[in-house]
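Here is the structure we will look at.
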Amino acid sequence: MKWWLPFAFALLPTAVSIGQQPWQLVWSDEFNGPANAPPDPAKWTYDLGNNNGWGNRELENYTKDLANAHMDGKGNLVIHAEPIKSETPILSGTPAYTSARIKTQGLFSAGPGGRVEARIKVPAGTGMWPAFWMLGNTFNNRNWPQCGEIDIMESIGREPSKNHGSLHGPGYSGGKPMTAIYTLPEGKKFADDFHTFAIDWSPAVVTFYVDDVAYETVHDTDIPSGAQWVYNQPFFLLFNVAVGGNFAGPVGTDTVFPQEMLVDYVRVYKRP
(Lines give C-alpha, C1' and ligand atoms only; values in the text may rest on other atoms or scores of the structure.)
Protein backbone atom coordinates (compact mmCIF):
# COMPACT_ATOMS: atom_id res chain seq x y z
CA MET A 1 0.00 0.00 0.00
CA LYS A 2 1.30 3.46 -0.84
CA TRP A 3 1.76 5.55 2.29
CA TRP A 4 1.10 8.86 0.58
CA LEU A 5 -1.14 9.36 -2.40
CA PRO A 6 -0.21 10.86 -5.77
CA PHE A 7 -1.79 14.25 -5.07
CA ALA A 8 0.85 14.83 -2.35
CA PHE A 9 3.64 15.33 -4.90
CA ALA A 10 3.39 19.13 -4.95
CA LEU A 11 5.79 19.45 -2.00
CA LEU A 12 9.18 17.87 -2.49
CA PRO A 13 10.19 15.65 0.46
CA THR A 14 12.62 17.28 2.89
CA ALA A 15 14.77 15.25 5.27
CA VAL A 16 14.45 16.33 8.91
CA SER A 17 15.11 14.84 12.33
CA ILE A 18 12.49 14.84 15.08
CA GLY A 19 13.88 13.54 18.33
CA GLN A 20 15.91 10.49 17.34
CA GLN A 21 13.86 9.72 14.21
CA PRO A 22 14.74 10.75 10.63
CA TRP A 23 11.74 11.76 8.51
CA GLN A 24 10.92 13.03 5.04
CA LEU A 25 8.29 15.76 4.74
CA VAL A 26 5.72 14.77 2.11
CA TRP A 27 2.90 17.28 2.68
CA SER A 28 2.33 20.39 4.77
CA ASP A 29 0.48 23.65 5.13
CA GLU A 30 2.35 26.47 6.85
CA PHE A 31 -0.63 28.86 6.61
CA ASN A 32 1.55 31.74 5.43
CA GLY A 33 -1.12 33.38 3.29
CA PRO A 34 -2.16 37.03 3.58
CA ALA A 35 -4.57 38.18 6.27
CA ASN A 36 -8.18 37.14 5.63
CA ALA A 37 -7.24 34.73 2.83
CA PRO A 38 -9.15 31.43 2.92
CA PRO A 39 -7.49 28.06 3.55
CA ASP A 40 -5.76 26.83 0.38
CA PRO A 41 -8.54 25.25 -1.74
CA ALA A 42 -6.00 22.87 -3.26
CA LYS A 43 -5.50 21.39 0.21
CA TRP A 44 -8.73 21.98 2.15
CA THR A 45 -12.46 21.61 1.75
CA TYR A 46 -15.29 22.03 4.29
CA ASP A 47 -17.95 20.22 6.23
CA LEU A 48 -21.00 22.48 6.36
CA GLY A 49 -24.11 22.91 8.46
CA ASN A 50 -25.21 21.52 11.79
CA ASN A 51 -26.06 17.95 10.67
CA ASN A 52 -28.37 17.48 13.66
CA GLY A 53 -25.58 18.29 16.09
CA TRP A 54 -23.07 16.00 14.30
CA GLY A 55 -24.25 13.10 16.44
CA ASN A 56 -23.01 14.82 19.61
CA ARG A 57 -25.70 17.48 20.26
CA GLU A 58 -23.24 20.17 19.21
CA LEU A 59 -24.45 23.77 18.99
CA GLU A 60 -22.47 25.15 16.06
CA ASN A 61 -23.28 25.61 12.38
CA TYR A 62 -20.18 25.05 10.24
CA THR A 63 -19.66 27.52 7.39
CA LYS A 64 -17.05 28.26 4.74
CA ASP A 65 -17.26 31.99 5.43
CA LEU A 66 -13.98 33.86 5.78
CA ALA A 67 -15.20 35.01 9.18
CA ASN A 68 -14.97 31.41 10.41
CA ALA A 69 -11.82 30.15 8.64
CA HIS A 70 -9.02 32.38 7.37
CA MET A 71 -5.32 33.22 7.63
CA ASP A 72 -4.28 35.91 10.08
CA GLY A 73 -1.34 37.15 7.99
CA LYS A 74 1.04 36.13 10.78
CA GLY A 75 1.53 32.52 9.70
CA ASN A 76 -1.55 31.00 11.32
CA LEU A 77 -4.86 29.50 10.30
CA VAL A 78 -7.72 30.89 12.38
CA ILE A 79 -10.86 28.89 13.10
CA HIS A 80 -13.28 31.38 14.62
CA ALA A 81 -16.42 30.54 16.63
CA GLU A 82 -19.00 33.12 17.64
CA PRO A 83 -22.71 33.30 18.51
CA ILE A 84 -25.19 33.59 15.66
CA LYS A 85 -26.49 37.13 15.47
CA SER A 86 -30.27 36.95 15.60
CA GLU A 87 -33.03 39.45 16.29
CA THR A 88 -35.25 36.69 17.63
CA PRO A 89 -34.52 34.11 20.35
CA ILE A 90 -32.80 30.97 19.03
CA LEU A 91 -34.99 27.92 19.53
CA SER A 92 -33.73 25.06 21.66
CA GLY A 93 -32.05 22.39 19.53
CA THR A 94 -31.05 24.75 16.72
CA PRO A 95 -27.51 26.00 16.05
CA ALA A 96 -26.55 28.96 18.22
CA TYR A 97 -22.96 29.51 16.98
CA THR A 98 -20.99 29.60 13.73
CA SER A 99 -17.62 27.91 13.34
CA ALA A 100 -15.62 25.96 10.74
CA ARG A 101 -14.57 22.38 10.08
CA ILE A 102 -11.96 21.97 7.33
CA LYS A 103 -10.66 18.71 5.93
CA THR A 104 -8.37 17.23 3.29
CA GLN A 105 -10.93 14.62 2.17
CA GLY A 106 -10.51 13.92 -1.55
CA LEU A 107 -7.39 16.11 -1.70
CA PHE A 108 -4.78 14.43 0.50
CA SER A 109 -4.51 11.32 2.64
CA ALA A 110 -1.82 10.04 4.98
CA GLY A 111 -1.30 6.43 5.92
CA PRO A 112 0.72 4.19 8.21
CA GLY A 113 4.46 4.57 8.03
CA GLY A 114 5.14 8.04 9.32
CA ARG A 115 4.23 11.01 11.48
CA VAL A 116 1.40 13.56 11.44
CA GLU A 117 1.74 16.71 13.54
CA ALA A 118 0.38 20.22 14.00
CA ARG A 119 1.31 23.19 16.20
CA ILE A 120 -1.85 24.63 17.69
CA LYS A 121 -3.12 27.15 20.23
CA VAL A 122 -6.59 26.12 21.38
CA PRO A 123 -9.48 28.38 22.41
CA ALA A 124 -10.42 28.85 26.06
CA GLY A 125 -13.74 28.60 27.87
CA THR A 126 -16.14 25.98 29.16
CA GLY A 127 -18.06 24.40 26.31
CA MET A 128 -15.32 24.85 23.70
CA TRP A 129 -14.27 21.69 21.86
CA PRO A 130 -11.36 22.12 19.40
CA ALA A 131 -9.90 19.11 17.60
CA PHE A 132 -7.19 17.97 15.19
CA TRP A 133 -8.14 14.52 13.97
CA MET A 134 -8.35 12.03 11.11
CA LEU A 135 -10.96 9.80 9.48
CA GLY A 136 -10.43 6.76 7.28
CA ASN A 137 -10.74 7.37 3.55
CA THR A 138 -13.72 5.00 3.45
CA PHE A 139 -15.78 7.48 5.52
CA ASN A 140 -19.11 8.18 3.80
CA ASN A 141 -21.28 9.67 6.60
CA ARG A 142 -22.78 6.26 7.34
CA ASN A 143 -19.92 3.90 8.11
CA TRP A 144 -18.47 5.38 11.31
CA PRO A 145 -16.77 3.88 13.33
CA GLN A 146 -15.97 1.16 10.78
CA CYS A 147 -13.92 3.70 8.82
CA GLY A 148 -11.76 4.48 11.87
CA GLU A 149 -11.01 7.76 13.63
CA ILE A 150 -7.77 9.08 15.15
CA ASP A 151 -8.08 12.04 17.54
CA ILE A 152 -4.62 13.61 17.73
CA MET A 153 -5.71 16.69 19.66
CA GLU A 154 -9.07 16.81 21.40
CA SER A 155 -9.41 19.39 24.13
CA ILE A 156 -12.45 20.59 26.07
CA GLY A 157 -12.73 23.88 27.90
CA ARG A 158 -13.63 22.46 31.29
CA GLU A 159 -10.30 20.55 31.29
CA PRO A 160 -7.91 23.34 30.23
CA SER A 161 -4.71 21.39 31.01
CA LYS A 162 -5.66 18.10 29.34
CA ASN A 163 -5.43 16.64 25.85
CA HIS A 164 -7.26 13.48 24.83
CA GLY A 165 -5.62 11.14 22.30
CA SER A 166 -8.01 8.48 21.05
CA LEU A 167 -8.72 5.76 18.50
CA HIS A 168 -12.32 4.98 17.54
CA GLY A 169 -13.02 1.82 15.61
CA PRO A 170 -15.44 -1.11 15.40
CA GLY A 171 -15.92 -2.32 18.97
CA TYR A 172 -14.28 0.67 20.73
CA SER A 173 -15.95 3.95 19.86
CA GLY A 174 -18.10 6.76 21.19
CA GLY A 175 -17.76 6.81 24.96
CA LYS A 176 -15.42 3.77 24.98
CA PRO A 177 -12.50 4.50 22.63
CA MET A 178 -8.90 3.44 23.06
CA THR A 179 -7.78 6.63 24.78
CA ALA A 180 -5.36 8.34 27.15
CA ILE A 181 -4.92 11.84 28.56
CA TYR A 182 -1.85 14.07 28.57
CA THR A 183 -1.84 16.72 31.32
CA LEU A 184 0.36 19.79 31.08
CA PRO A 185 2.70 20.14 34.10
CA GLU A 186 2.53 22.87 36.71
CA GLY A 187 -1.12 23.70 36.06
CA LYS A 188 -0.40 25.23 32.65
CA LYS A 189 -3.29 25.57 30.20
CA PHE A 190 -3.28 24.64 26.51
CA ALA A 191 -5.05 27.90 25.62
CA ASP A 192 -2.16 29.96 26.96
CA ASP A 193 0.36 29.04 24.25
CA PHE A 194 1.06 26.94 21.16
CA HIS A 195 1.72 23.21 21.61
CA THR A 196 2.66 20.46 19.16
CA PHE A 197 0.32 17.47 18.84
CA ALA A 198 1.41 14.43 16.84
CA ILE A 199 1.14 10.74 16.14
CA ASP A 200 3.76 8.26 14.94
CA TRP A 201 1.95 5.62 12.97
CA SER A 202 2.75 2.17 11.62
CA PRO A 203 0.30 -0.46 10.36
CA ALA A 204 0.06 -2.08 13.80
CA VAL A 205 0.94 0.71 16.27
CA VAL A 206 -0.15 4.32 16.91
CA THR A 207 1.80 6.48 19.40
CA PHE A 208 0.49 9.86 20.57
CA TYR A 209 2.66 12.86 21.50
CA VAL A 210 2.30 16.30 23.02
CA ASP A 211 5.37 18.53 22.62
CA ASP A 212 7.36 15.41 21.60
CA VAL A 213 6.45 13.59 24.84
CA ALA A 214 4.97 10.17 24.08
CA TYR A 215 2.03 9.55 26.42
CA GLU A 216 0.06 6.77 24.73
CA THR A 217 0.87 3.79 22.50
CA VAL A 218 -1.84 1.51 21.13
CA HIS A 219 -0.99 -1.79 19.40
CA ASP A 220 -3.31 -3.81 17.22
CA THR A 221 -3.27 -6.45 19.97
CA ASP A 222 -4.59 -3.97 22.57
CA ILE A 223 -8.09 -3.54 21.17
CA PRO A 224 -11.00 -5.48 22.74
CA SER A 225 -11.55 -9.10 21.80
CA GLY A 226 -13.65 -9.33 18.67
CA ALA A 227 -12.97 -5.70 17.69
CA GLN A 228 -11.32 -4.66 14.43
CA TRP A 229 -8.05 -2.76 13.88
CA VAL A 230 -8.63 -0.32 11.01
CA TYR A 231 -5.46 1.85 11.01
CA ASN A 232 -3.62 0.11 8.18
CA GLN A 233 -5.29 2.33 5.55
CA PRO A 234 -5.11 5.99 4.44
CA PHE A 235 -6.84 8.68 6.52
CA PHE A 236 -7.66 12.31 5.75
CA LEU A 237 -7.06 15.24 8.15
CA LEU A 238 -9.53 17.58 9.89
CA PHE A 239 -9.45 20.71 12.05
CA ASN A 240 -12.55 22.10 13.74
CA VAL A 241 -13.88 24.01 16.71
CA ALA A 242 -17.14 22.60 18.05
CA VAL A 243 -19.27 24.34 20.66
CA GLY A 244 -21.11 22.43 23.37
CA GLY A 245 -22.12 18.84 22.81
CA ASN A 246 -22.02 15.64 24.81
CA PHE A 247 -18.26 15.67 25.38
CA ALA A 248 -17.62 19.38 25.90
CA GLY A 249 -20.75 20.03 27.95
CA PRO A 250 -22.72 23.29 28.09
CA VAL A 251 -21.18 26.65 27.31
CA GLY A 252 -20.14 28.40 30.51
CA THR A 253 -21.70 31.70 31.48
CA ASP A 254 -18.16 33.06 31.79
CA THR A 255 -17.06 31.87 28.31
CA VAL A 256 -16.30 34.98 26.27
CA PHE A 257 -16.87 35.00 22.50
CA PRO A 258 -15.53 35.07 19.89
CA GLN A 259 -13.23 32.12 20.50
CA GLU A 260 -10.44 31.11 18.11
CA MET A 261 -8.13 28.18 17.45
CA LEU A 262 -4.80 29.11 15.83
CA VAL A 263 -2.86 26.56 13.75
CA ASP A 264 0.75 27.47 13.02
CA TYR A 265 1.35 24.49 10.72
CA VAL A 266 0.37 20.94 9.90
CA ARG A 267 2.99 18.53 8.52
CA VAL A 268 2.97 14.94 7.36
CA TYR A 269 6.19 12.90 7.23
CA LYS A 270 7.17 9.43 6.16
CA ARG A 271 10.14 7.34 7.17
CA PRO A 272 12.85 7.58 4.50
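The values are calculated or read from the model by the stated rules, or taken from the named source; none is laboratory data. Quick caveat, the model's predicted, so the values are computed rather than measured. Using ideal geometry, Cβ is built from the backbone for each residue, glycine included, and neighbour counts are taken over all protein chains shown.
The figures follow:
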item: Any hit, the range 240-255, residues being exposed (fewer than 13 other Cβ atoms within 10 Å of the Cβ), modelled with pLDDT under 95 and of a type in the set (D, E, K, R); result: yes
item: Among (1) modelled with pLDDT under 95; (2) under 13 Å from I150 (Cα atoms) - the single one G175 does not satisfy; result: (2)
item: Filtered residues of the range 177-189 (kept if touching a residue at least 24 places away in the same chain (Cβ under 8 Å) and at positive phi); result: G187
item: Unique match (being surrounded by fewer than 20 Cβ atoms within 10 Å (Cβ to Cβ), without any contact (Cβ under 8 Å) to a residue 40 or more places away in the chain, more than 22 Å from N76 (Cβ to Cβ) and among the polar types (S, T, N, Q)) among N143, N137; result: N143
item: Criterion (of a type outside the set (G, A, S), out of contact with any strand residue (DSSP E or B) (no Cβ under 7 Å at 6 or more places or on another chain), without any contact (Cβ under 8 Å) to a residue 40 or more places away in the chain and under 26 Å from F190 (Cβ atoms)) met by exactly one of K74, K85; result: K74
item: Residue check for G187: under 22 Å from S173 (Cβ atoms), over 17 Å from the mean Cα position of the chain (by Cα) and surrounded by fewer than 19 Cβ atoms within 10 Å (Cβ to Cβ); result: no
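Table: residues versus (1) over 22 Å from N143 (Cβ atoms); (2) loosely packed, with under 15 Cβ neighbours inside 10 Å; (3) in contact (Cβ under 8 Å) with a residue 60 or more places away in the chain.
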{"position": "Y172", "(1), (2), (3)": "no, no, no"}
{"position": "G175", "(1), (2), (3)": "no, yes, no"}
{"position": "A191", "(1), (2), (3)": "yes, no, yes"}
{"position": "T196", "(1), (2), (3)": "yes, no, yes"}
{"position": "V210", "(1), (2), (3)": "yes, no, no"}
